[in-house]
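The values are calculated or read from the model by the stated rules, or taken from the named source; none is laboratory data. Quick caveat: nothing in here was measured; it's all calculated off a predicted structure. FYI the Cβ positions are ideal-geometry reconstructions off the backbone, even for glycines, and counts take in every protein chain you see.
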Amino acid sequence: MSRGFRQDSDKRITLELVEEEAAILRGLTEQLLELMSRLPDGDPGLAELGISENTEVPDDPVLARLFPDGYQEEDPAAAVEFRRYTEASLRDGKRAAAETMLKSLSGDFGSNGKIILDEVEAQAWLRALNDLRLALGTRLEITEDSYERLAGLDWDDPRYAMFAIYDWLTLLQDTLVSSL
């Protein structure tokens, strides 16, 4: 299992993965991209300006977490305007980060399973890992007492593997931050 990101002697950010780990990251990233594609695009002319016609909080809890209201309940009119002017660029940025991660994981990334990232790619990975953790954490309903729930789960419980993947994503994110 991967020990996470490291900075090599040439100051490059590296990650060594076995194929199964790469497959997990590819699968999660593809699912995230698919989920984000369900958001309405709206008028292409407005989208070019970074303006979205969508002003509604998504029904899906994961999308609502990835694209939250800017003002919550304080000022509904301001929340609508905030979403109108930020969602399109936020969505584009999240897609680009996930696509960067997917590109790094595609094809043959070396006989030793090593991924080498430059600064821009590492920043994109950091954003994509954060989005994966938010998505998975929302689905698992991660809270402060989640580790207590995990301790009570049987190894055969399908949620156990998902909690382990969430924990692994946390390790990857932490080691990437430390490597930067």
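The figures follow:
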| quantity | calculated |
| --- | --- |
| Selection from the range 111-150 of residues that are among the polar types (S, T, N, Q), surrounded by 12 or more Cβ atoms within 10 Å (Cβ to Cβ) and closer than 18 Å to MET162 by Cβ | ASN130, THR138, SER146 |
| Qualifying residue in the range 82-93 (condition: of a type in the set (Gly, Ala, Ser), under 13 Å from the mean Cα position of the chain (by Cα) and farther than 13 Å from LEU25 by Cα) | yes |
| Qualifying residue in the range 19-42 (condition: assigned to a loop (DSSP other than H, G, I, E, B), among the polar types (S, T, N, Q) and either at pLDDT 65 or above or within 27 Å of SER2 (Cα to Cα) (or both)) | yes |
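Yes/no per residue for (1) hydroxyl-bearing (Ser, Thr, Tyr); (2) modelled with pLDDT of 90 or more; (3) out of contact with any strand residue (DSSP E or B) (no Cβ under 6 Å at 6 or more places or on another chain); (4) more than 24 Å from MET36 (Cα to Cα):
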residue	(1), (2), (3), (4)
GLY70	no, no, yes, no
ALA79	no, no, yes, no
ARG84	no, no, yes, no
ARG91	no, no, yes, no
ALA96	no, yes, yes, no
MET101	no, yes, yes, no
SER106	yes, no, yes, no
SER111	yes, no, yes, yes
LEU117	no, yes, no, yes
